[in-house]
Structures are given as structure tokens and as C-alpha cells.
Amino acid sequence: MAQKQRNAENRQMFFPNYLNIFYKGACELISFYGYPGCGTCRKAEKWLKAHHVPYTYIHIVEAPPTKVELKQYLDQSGLPIKKFFNTSGRRYRELGMKDKLNDASEDELLNWLSSDGMLIKRPITTDQENVTVGFDDTKFAEVWGQKQSLGF
């Protein structure tokens, strides 16, 4: 219960003003797990806003995805679990994760990721069917381009 309440408190919805009527409650929103100090997250957010894609911002450190959510995102993405780790992050280096990844089970890896948002590669963007990890302009256009507004 506390996790759900914390997640709700750390979500912020972004809608172009003229879309409020059409999107609020009318379609499945994209969840965007980001970190304010992350340049890659800022680039991804800029792309979403420029393409009028509504999304819910979730602070990945204050409200990291749960183990169950991460497992779902892992399965939906088709990526190896190692791609979900922020390998260039300070926390990853401090914990010596490079040496731990090869010997750990998927369950252990999911536990680490869900317990510390700074270990997670960001942003994670999902609509509960599609998942992208990190930001790539071409991949975002392919996956999230169809979520664009009607443009009026």
C-alpha cells in the first residue's frame, strides 16, 4: 500500500494544453521513469513534448518500478536484464555490480534494480505493451511516434 501511495505522489502528468479533454482518462498513458539530473531523460522528455506525446513522469529514485513491474518490462522489451542496469552510474560502480552481474540470478538482479532506482538505466518508457530503455531518437519515433496527438 505504501509503495502505491508513494508512486502516486511522485507522478506528474504532462499534456499539451489542448489535449487535456481528449487524453485525460480517455487512453492509456505512457509511464516515463526518469531522473531530473539525467541528460538522457531530458532529451527523451524533449522528444515526447515536441511530438505531443502525453505521458506520466515518475521519479525513478523516489518511486522505482517494483520487481513485478521490472519483470514485466524485461519480458516486454526482449532485452537482456543487463541492459536495465545503469552501467555508467556512480552507484553501479560503488556497489561493484560489474562483478556481481554474471553470477547473480535473475531474481537477485530484479531485487537490486527494484531496491535502488539509481541502478536502473533511464529513462524507462512504457505503455504496458511497449517498453524502451534509454533514449534513441529512431527507436522513440518507431515505438512512441504512433502515440502522437491529433495535432489540431
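Please give me the summed charge of the neighbours of Glu94: other residues whose Cβ is under 14 Å from its Cβ, Lys and Arg +1, Asp and Glu -1. Each step should come with its number before you reach the end.
Numbers: positive: Arg90, Arg91, Arg93, Lys98, Lys100; negative: Asp99, Asp116.
Once positives and negatives cancel, what remains is +3.
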* Could you name the lysines whose alpha carbon sits less than 26 Å from that of Lys139, not counting residues in the same chain fewer than 8 places away? => Lys24, Lys43, Lys46, Lys49, Lys67, Lys71, Lys82, Lys83, Lys121, Lys147
* To do: For Lys100, list the aspartates and glutamates whose Cα falls under 14 Å from its own Cα; do not include residues on the same chain fewer than 8 positions away.
  => Glu108
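Any read-out appearing in this document is the output of simple, stated calculations on the displayed coordinates, not a laboratory observation. Since this is a predicted model, take the numbers as computed values, not measurements. Because the Cβ atoms are built from the backbone with ideal geometry, glycine has one as well, and the counts that use them run over all protein chains shown.
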